[in-house]
Amino acid sequence: ADTTVYRASTTAPVNIAVVKYWGKRDPKLNLPTNSSLSVTLSQADLRTLTTASCAAAFGGDSLTLNGELSDISGARTQACFRELRARRAALEAADPSLPKLSAMGLKLVSENNFPTAAGLASSAAGFAALVQAIANLYELPDTPAQLSIVARQGSGSACRSLFGGYVAWRMGDKEDGSDSMADLVAPASHWPNMRALILVVSAAKKGVSSTSGMQQTVATSGLFQQRIANIVPANMATMEEAIQRRDFAKFAEVTMRESNSFHACCADTYPPIFYMNDISKAAIRAVESINAKAGKTIAAYTFDAGPNCVVYYLDEEAPTVLGAFSGVLGGVTGWKEGSAGVKSSVRLEE
Ligand code: PMV
């Protein structure tokens, strides 16, 4: 009998969207109502590390997240396991000399180097790492784009964490989701002075989950219909061009308009959903005042399904941007400058 324990590890980064994914046209397959685009943050600051192992002696599947056993019975996690096992089983059928890993229990151990419940897109890094770790364990020949189709079924935004740099998630139009996948717009090296400042306004778990927030928005917001028909397609095109040209002012304008449009749709649902709080709004005002003082756009804010703020800026403007934040939002404890890399992170806790 095969007594080997097979094992593989990987890390996956967090991504923060500058054109937002908000709305599912198929909730089961996580097919979106619109394409989206994100910037992948440095793994030196935010990442999930996952080890996948399997052995004939392992009973069932399990996932330990930050030292605690996690529920894996959900349809999304099960879909990822099923898809990856099917791919491995196909390899085993084609080559009978391969060990039958697809028939063994899977043990996953996952560790975030940032607070899981802080609303910092932990599900994106989490599912991307889970899928990549199992793909490594199974020695699958799939490309990152092909694996992004699997990760998408775990959490939509996770499909964008299979790549570094500037990443688009093309919504696709097939019913089976086989063309709804991530695509590299530009590597991080294309625009190496891009930075992201993370303002952790609250580390509390978000009030309305992205799944139910999206469901309510699709069902009740009229503004949302306008967003997916006209606003997002235009913003995707402008954003891709801004990235290709390294045009920060354009990049920043679309980023801020996108955040505003997404939160306006949330406010337009019935009943309304509010993710930003008063501190979030103070951060918006701070970015506006930074840009007004500079006489040009040097900082851009964006918010996801929670109150935390991400500010994009270029490294050469770091003294101005970081300095302004310490002034405007000063007196708040918890400042900590992160390591250099694709980003520099500063945390600000309430
Ligand atoms: O992947 P989910 O289901 O957690 O949804 C993410 C939604 C936003 O973070 C608000 C936007 C995005 O594109 O990441």
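One table, with the values for the structure above:
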item: Residue under evaluation Glu175, criteria (1) surrounded by fewer than 18 Cβ atoms within 10 Å (Cβ to Cβ); (2) within 16 Å of the ligand (Cβ to nearest atom), criterion not met; result: (2)
item: Single residue of the stretch 181-219 satisfying the filter (within 13 Å of the ligand (Cβ to nearest atom) and hydroxyl-bearing (Ser, Thr, Tyr)) that is farthest from the chain's Cα centre (by Cα); result: Thr217
item: Number of the condition not met by Ile134 [criteria: (1) at pLDDT below 95; (2) among the aliphatic types (A, V, I, L, M); (3) in contact with a Cys (Cβ under 8 Å, 6 or more places away or on another chain)]; result: (1)
item: Strands (runs of 3 or more DSSP E) fully within the stretch 1-111 counting 3 or more residues that are surrounded by fewer than 17 Cβ atoms within 10 Å (Cβ to Cβ); result: 6-13, 68-70
item: Condition check for Gln146: part of a helix (DSSP H, G or I), closer than 19 Å to Thr64 by Cβ and among the polar types (S, T, N, Q); result: no
item: Any hit, the stretch 275-295, residues being crowded, with 17+ Cβ neighbours inside 10 Å, away from the ligand (no atom under 13 Å from the Cβ), part of a helix (DSSP H, G or I) and of a type in the set (Ser, Thr, Tyr); result: yes
item: First in the stretch 181-199 and at negative phi, second anywhere and of a type in the set (Lys, Arg), Cβ under 6 Å, 6 or more apart; result: Ala182/Arg160; Asp183/Arg170; Trp191/Arg246; Arg195/Lys343; Ala196/Lys343
item: Set Glu241, Glu258, Glu253: member being over 25 Å from Lys28 (Cβ atoms) and without any contact (Cβ under 8 Å) to a residue 12 or more places away in the chain; result: Glu241
item: Selected residue (only one of Val201, Val232 is within 21 Å of Asp304 (Cα to Cα) and part of a loop (DSSP other than H, G, I, E, B)); result: Val201
item: Residue within the stretch 205-221 that is in contact with a helix residue (DSSP H, G or I) (Cβ under 6 Å, 6 or more places away or on another chain), among the small types (Gly, Ala, Ser) and either surrounded by 14 or more Cβ atoms within 10 Å (Cβ to Cβ) or farther than 18 Å from Thr33 by Cα (or both) present; result: yes
item: Number of the condition not met by Val19 [criteria: (1) free of Cβ contacts under 8 Å to residues at least 24 places away in the same chain; (2) within 16 Å of the ligand (Cβ to nearest atom)]; result: (1)
item: Tally of residues being in a strand (DSSP E or B) and surrounded by fewer than 19 Cβ atoms within 10 Å (Cβ to Cβ) across the stretch 149-172; result: 1
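The values are calculated or read from the model by the stated rules, or taken from the named source; none is laboratory data. Keep in mind that what you see is a predicted model, and the values were worked out from it rather than measured. Don't worry about glycine lacking a Cβ; one is built from the backbone with ideal geometry, like all the others, and counts go over all protein chains shown.
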